[in-house]
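A quick write-up on the structure given underneath.
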Amino acid sequence: MVDGDPQAQLLIIGMAPGREELQHDKPFLGGAGRLLWKQLAKKAGISRADCYIINTIGEWPGGIDGNPTKAQFHKWWDAFDEAIRHSQAKVALLLGGAALWRFTGISGGIEDWRGYLVARDECSALTRTIERMGEYKTSRKGKYQKGDPKLEKIKSTAVSPWPPTVE
């Protein structure tokens, strides 16, 4: 879920959309969003139009604790990376532990990082399992025929694609 101007100086990354966001297909429209925009305008003179806004996933979070699940992160992985690549922001504001992890690879609670600036070289690589259909090469005890589909799982490691303008 993405909104705003990719040329904006401020990139805001949230965890996942809420009910209002899903209805309108825009991030940060609900109660937390209204509070965010009120405080940004009041304290820093920043409006929604001054930002490029992204959520780590584009659906209601499925975790018991209200966070996205691993499956949801993987489902929305490429869309998130693509949205980040379009950003020309100089600063990224990460809201929530899921946003911190997905953008930087840093695990743990976001409260441990409150007030800190995280540099690109402090980030960790993220590991992702990609599933794809392959083929069996030989039959095994008559169970599989050559060419039968086989689900392959491939582990991939990558660093989040920070916008090149963010130091």
Check segment 60-75 and report whether any residue there is in a strand (DSSP E or B), under 16 Å from MET15 (Cα atoms) and in contact with a helix residue (DSSP H, G or I) (Cβ under 7 Å, 6 or more places away or on another chain). no
How many residues, within segment 76-127, are β-branched (Val, Ile, Thr) and modelled with pLDDT under 85? 2
Candidate set from segment 90-116 (those that are open to solvent by 40 Å² or more (accessible area, probe 1.4 Å) and part of a helix (DSSP H, G or I)); member that is nearest to ALA158 (Cα to Cα): TRP101
Of the residues in segment 62-89, those that are of a type in the set (Gly, Ala, Ser) and open to solvent by less than 70 Å² (accessible area, probe 1.4 Å) come to GLY62, GLY63, GLY66, ALA79, ALA83, SER87, ALA89
Does ILE130 count as at pLDDT below 85 and farther than 19 Å from ILE12 by Cα? yes
Just name the residue that is nearest to GLN88 (Cα to Cα) out of those in segment 14-52 that are aliphatic (A, V, I, L, M) and part of a helix (DSSP H, G or I). ALA49
Which condition breaks for LEU11 when tested against (1) of a type outside the set (Gly, Ala, Ser); (2) more than 22 Å from LEU117 (Cβ to Cβ); (3) in a strand (DSSP E or B)? (2)
Segment 32-53: number of residues that are out of contact with any Phe, Trp or Tyr (no Cβ under 7 Å at 6 or more places or on another chain) and touching a residue at least 12 places away in the same chain (Cβ under 8 Å): 7
Residue count for segment 133-158, restricted to those that are open to solvent by 90 Å² or more (accessible area, probe 1.4 Å), modelled with pLDDT under 75 and either in contact with a Ser or Thr (Cβ under 9 Å, 6 or more places away or on another chain) or not in a strand (DSSP E or B) (or both): 7
For segment 37-57, what are the residues that are open to solvent by 30 Å² or more (accessible area, probe 1.4 Å) and under 24 Å from GLY105 (Cα atoms)? none
Somewhere in segment 124-132, is a residue farther than 30 Å from LYS150 by Cα and either outside any loop (DSSP other than H, G, I, E, B) or aromatic (Phe, Trp, Tyr) (or both)? no
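The values are calculated or read from the model by the stated rules, or taken from the named source; none is laboratory data. Here the structure is a predicted model, which means the values were calculated and not measured. All Cβ positions, glycine included, derive from the backbone under ideal geometry; neighbour counts span all protein chains shown. With ligands, DNA and RNA removed, areas are computed over all heavy atoms of the protein, side chains included. Shrake-Rupley method; radii C 1.70, N 1.55, O 1.52, S 1.80 Å.
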